[in-house]
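Below: the structure, in structure tokens.
The values are calculated or read from the model by the stated rules, or taken from the named source; none is laboratory data. Just so we're clear, the structure is a prediction, and the values are computed from it rather than from any experiment. Cβ coordinates were reconstructed from backbone atoms using ideal geometry, including for glycine residues, and neighbour counts include every protein chain displayed.
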Amino acid sequence: MIPAREALQRLRDGNRRFVDDTRSSESLISPRRRAELTAGQEPFAAILGCSDSRVPVEIVFDQGLGDLFVIRVAGNIVAPSQIGSVEFVAERFKTRLVVVLGHSSCGVIQATLEHLQSPTGKGSRNVHSIVSRVRPSVEGLLETGLRYDYDALLHHAVRANVRASADHLRHGSQVIEQLIQTEGLVVVGAEYSLETGIVDFFDGVPE
């Protein structure tokens with residue numbers, strides 16, 4: 001079992017390699033590594049990230065097979081299946097770091113802001129269910145001066161949604177709460193910059 005702080009440092013180091021274009025040989029796929037993993041897995045971190053094709057988690061953190069337990073859903077929202085996935089990896093594999101990873105210019109956040117500013121009632125019921133989970137974390141921002149600066153509004157909305165998802169994981173499951181209190185599980189929030197490739201860990205990071 002890798003402690004949360006060590007796991008977080010591994011992610012930071014991997015992201016630095018990604019940004020610097022100095023990929024580690026350990027992240028490369030090999031027949032030997034595939035064979036090793038047939039016996040089981042011990043992912044050192046779980047990542048709840050957005051499904052956006054521009055944010056491939058293993059690449060962004062320069063990790064290889066078996067390193068990360070990745071849960072991807074549009075808007076990095078938290079629903080029962082995501083909570084269950086986190087419970088599963090934390091209990092079964094003793095993974096002690098969970099990262100909610102949002103990203104700049106998130107299309108789901110943009111769609112939510114558009115819906116709040118100009119409701120139409122159109123669109124898929126299933127897509128609306130995603131937007132409705134994002135809505136509570138961002139609608140208050142439209143009552144501030146941010147509504148006059150769309151870029152700033154979007155930036156703050158992305159982070160507000162990450163914080164809400166991370167908080168939902170921390171307090172939406174007795175299993176996760178217990179692991180946080182007694183087993184060293186840590187849930188943090190982060191944002192990936194499409195422009196720079198840098199991941200900024202900004203919520204719940206251990207001091």
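The criterion of at least 1 residues that are in contact with a Leu (Cβ under 7 Å, 6 or more places away or on another chain) and small (Gly, Ala, Ser) is met by the following helices (runs of 4 or more DSSP H) wholly inside the range 91-207: 150-171. In the range 81-98 there is no residue matching the filter, namely being out of contact with any strand residue (DSSP E or B) (no Cβ under 8 Å at 6 or more places or on another chain), among the aliphatic types (A, V, I, L, M) and closer than 24 Å to GLU195 by Cα. Identify all residues within the range 53-80 that are in contact with a Ser or Thr (Cβ under 7 Å, 6 or more places away or on another chain), assigned to a loop (DSSP other than H, G, I, E, B) and either free of Cβ contacts under 8 Å to residues at least 24 places away in the same chain or not aliphatic (A, V, I, L, M) (or both); write none if there are none. Once the filter is applied, which keeps residues that are in contact with a Ser or Thr (Cβ under 7 Å, 6 or more places away or on another chain), assigned to a loop (DSSP other than H, G, I, E, B) and either free of Cβ contacts under 8 Å to residues at least 24 places away in the same chain or not aliphatic (A, V, I, L, M) (or both), the range 53-80 yields ASP62, GLN63, GLY64. Scanning the range 51-101 for residues that are among the acidic types (Asp, Glu) and in contact with an Asp or Glu (Cβ under 9 Å, 6 or more places away or on another chain) yields GLU58, ASP62, ASP67. Among the residues of the range 118-126, is there at least one that is free of Cβ contacts under 8 Å to residues at least 24 places away in the same chain, within 27 Å of ARG32 (Cα to Cα) and not hydrophobic (A, V, I, L, M, F, W, C)? Scanning the range 118-126, I find no residue that is free of Cβ contacts under 8 Å to residues at least 24 places away in the same chain, within 27 Å of ARG32 (Cα to Cα) and not hydrophobic (A, V, I, L, M, F, W, C), so the answer is no.
In summary, VAL78 fulfils each of the numbered conditions (1) out of contact with any helix residue (DSSP H, G or I) (no Cβ under 6 Å at 6 or more places or on another chain); (2) crowded, with 22+ Cβ neighbours inside 10 Å; (3) of a type outside the set (Phe, Trp, Tyr) with the single exception of condition (1). Restricting the range 114-144 to residues that are closer than 19 Å to ASP52 by Cα and more than 20 Å from the chain's Cα centre (by Cα) leaves a set whose member that is surrounded by the most Cβ atoms within 10 Å (Cβ to Cβ) is HIS128. LEU8 falls short of the stated requirement of being surrounded by 13 or more Cβ atoms within 10 Å (Cβ to Cβ), hydrophobic (A, V, I, L, M, F, W, C) and in a loop (DSSP other than H, G, I, E, B).
With respect to (1) out of contact with any Asp or Glu (no Cβ under 9 Å at 6 or more places or on another chain); (2) closer than 17 Å to LYS94 by Cβ, the lone exception for ALA164 is condition (2). Taken over the range 12-52, the residue count meeting the criterion of being acidic (Asp, Glu) and in a loop (DSSP other than H, G, I, E, B) is 3. With respect to the conditions (1) loosely packed, with under 15 Cβ neighbours inside 10 Å; (2) more than 16 Å from LEU48 (Cβ to Cβ), HIS171 lacks only one, and its number is (2).
Note on the range 197-207: residues that are aliphatic (A, V, I, L, M) and more than 11 Å from the chain's Cα centre (by Cα) total 2. Taking the residues in the range 174-196 that are touching a residue at least 40 places away in the same chain (Cβ under 8 Å) and over 15 Å from the mean Cα position of the chain (by Cα) as candidates, determine which candidate is surrounded by the fewest Cβ atoms within 10 Å (Cβ to Cβ). That would be GLU195.
Residues satisfying the criterion are present in the range 1-19 (criterion: modelled with pLDDT under 95 and of a type outside the set (Lys, Arg)).
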